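Here it is, the structure in full.
The values are calculated or read from the model by the stated rules, or taken from the named source; none is laboratory data. Bear in mind the structure is a predicted one, so any value in this text is a computation, not a measurement. FYI the Cβ positions are ideal-geometry reconstructions off the backbone, even for glycines, and counts take in every protein chain you see. Keep in mind that these areas ignore ligands, DNA and RNA; they rest on the heavy atoms of the full protein, side chains included. Shrake-Rupley method; radii C 1.70, N 1.55, O 1.52, S 1.80 Å.
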Amino acid sequence: MRCPFCKEDRDKVVDSRSSDSGRIIRRRRQCLACKKRFTTYEKIGESFKLSVVKKDNSRVPYERDKIIAGLQKACYKRPVSAEQIQQMADKVEEDIFRNFDKEVSSSFIGESVIKHLRRFDKVAYIRFASVYRDFNDAGELIEEVSQAIAESEDIGQPKLFDQ
Ligand SMILES: [Zn+2]
């Protein structure tokens, strides 16, 4: 497996877990070069093929890199590390693989990204949600922003709950 951080192709598996009645194996890997951890998913028995159904009903192969790219764009110049972006992508993939087998809608992925971004970084979350949800008017956006601010005051340190 190629490391998503340094692109080195040497790693060790530190943890394996199966989900979806054992059909999907989630492996936690550690890169031997940079020591960072990342997650891979493997499907048993058949090659792993998940399609993303877009709004116009066309289908494209699922690619984790697209989620990473979306997260990176949302987190541009925000205090979010490459490792945290990988963690968010892991959580989005868990949502996807827990619920879908062959096809997943692009809107499900978008909402899942929004959900996890919201817990990590409010600004990145607003940035992503405003582009993704295409808010119709400023009032809608302001409502969303004030709700996010109110929640961030409630939540305090979300990382404690994420472990
Ligand atoms: Zn590495």
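What are the residues in segment 49-75 that are without any contact (Cβ under 8 Å) to a residue 12 or more places away in the chain and either in a loop (DSSP other than H, G, I, E, B) or hydrophobic (A, V, I, L, M, F, W, C) (or both), if any?
Answer for segment 49-75, where residues must be without any contact (Cβ under 8 Å) to a residue 12 or more places away in the chain and either in a loop (DSSP other than H, G, I, E, B) or hydrophobic (A, V, I, L, M, F, W, C) (or both): 56, 57, 58, 60, 63, 69.
Here's something else I'd like to know. Could you look through segment 96-110, keep only residues that are under 14 Å from residue 52 (Cα atoms) and of a type in the set (D, E, K, R), and pick out the one that is most open to solvent (accessible area, probe 1.4 Å)?
102
Shifting gears a bit: For segment 30-48: of the residues being open to solvent by 90 Å² or more (accessible area, probe 1.4 Å) and modelled with pLDDT of 75 or more, which is farthest from the ligand (Cβ to nearest atom)?
Filtering first and then ranking leaves 37.
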